[in-house]
Structure formats: structure tokens, C-alpha cells
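Let me begin by presenting the structure, written as C-alpha cells, before commenting on it.
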Amino acid sequence: MAERAGRLLCTAAAVIGGVFLLLPIWGIRADAVLSGSMEPALKTGSIVFTDTEKTDPEVGDIITYRLGSSYVTHRVVEKEGSRFVTRGDSNNGRDAALVDRSQIVGTAVFSVPILGYAAVFLQKKTVFCLLLLMIVQELVFLVVSKKGERGKKSAGKIHE
């Protein structure tokens, strides 16, 4: 039972990892929500998925934009010419700097609670390498055990 649960967990991790590798191909960016500035819409520890092809937001849209070397996900509350005024839902005032269209990465389409904690944890190289090693080990084990089962079946046919 424990072996089956372990295999299921490794398979689920591999599938989720594969999906996250394919997201950029589909124009989707995934970011962990690290602060409570957008609560209750985006809870701390969530992963927010941003459509990178939607770069022309309307007032009320939640956008992800570049701010120096980091990324911010806040709501557009107003347009000032060709620039945007943003604010975190739980912040009292608007963000200090206006957002230029060239800074916009995309518009948030949905989020998944709690998954961001796991994503941040897995970004640590040691944890990622250990998980990758476990997945590779499990795949090798599956291949070897399948070959063993085939060998037993064919040996049983020979003796019949």
C-alpha cells in the first residue's frame, strides 16, 4: 500500500512538473504569491497563472508587471493616458509608480491556493535535485520491474 502511494505521489509530481514546463509554451506564466497585498482575491502562498498574451488590461483586471528585477501582481484601478495605476486589493493606497505598457507581463487568469508554498520550496536546488533523483529512481524501478514481470511470464510459457 505504501509503495503504491509513493508511486502515485511521484507520478503526480512528475505530471505537475511536466505541466509547469509546458506552461510557457502555451503563453502562461506561473508565479508564487509572496505577500498579502492582493487578499482576498489572491491569497498568500497561492500560485497565480498569468496569460502573457493579454497585455492590454482594463480597469479591474489583475496584472503581473515588472518592477526592476522583480514582478508584482496587482489590480489596475485607473488608466492615466497610456499608463496604468495599480493597487493591491488590501493596500490602503495606490502603488507609487505608474505602470507602463512595456512593463506588463500579462493578465492574471486564475490562481491555485497553497501551491505557491510548494513552488517556492521546490525552487531550492537541493530539494529540486532530491525530488528529481527520487522520480528518476522510481522510473528506473518501474522499467526494471516490468522487464522482470515479462521475463517471468515468458519463462512460465516455456515450461508449460
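The values are calculated or read from the model by the stated rules, or taken from the named source; none is laboratory data. Since this is a predicted model, take the numbers as computed values, not measurements. FYI the Cβ positions are ideal-geometry reconstructions off the backbone, even for glycines, and counts take in every protein chain you see. In case anyone asks, the SASA skips ligands and DNA or RNA and just uses the protein heavy atoms, side chains included. Shrake-Rupley method; radii C 1.70, N 1.55, O 1.52, S 1.80 Å.
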>> Taking the criterion of being surrounded by fewer than 16 Cβ atoms within 10 Å (Cβ to Cβ) and of a type in the set (V, I, T), would at least one residue in segment 18-41 satisfy it?
In response: yes
> What's the number of the condition G6 fails, among (1) among the small types (G, A, S); (2) surrounded by 14 or more Cβ atoms within 10 Å (Cβ to Cβ); (3) under 30 Å from V140 (Cα atoms); (4) in contact with a helix residue (DSSP H, G or I) (Cβ under 9 Å, 6 or more places away or on another chain)?
Replying inline: (2)
> Just checking, how many residues over segment 1-57 are of a type outside the set (G, A, S) and in a helix (DSSP H, G or I)?
Replying inline: 17
>> Go through segment 54-77 and report how many residues are over 24 Å from the mean Cα position of the chain (by Cα) and open to solvent by 80 Å² or more (accessible area, probe 1.4 Å).
In response: 2
>> Here are the criteria: (1) open to solvent by 90 Å² or more (accessible area, probe 1.4 Å); (2) in contact (Cβ under 8 Å) with a residue 40 or more places away in the chain; (3) touching a helix residue (DSSP H, G or I) at 6+ places or on another chain (Cβ under 9 Å); (4) not acidic (D, E). Tell me which single one R101 does not satisfy.
In response: (3)
>> Based on this model, can you work out whether E80 counts as surrounded by fewer than 16 Cβ atoms within 10 Å (Cβ to Cβ), touching a Leu at 6+ places or on another chain (Cβ under 7 Å) and over 23 Å from L130 (Cα atoms)?
In response: yes
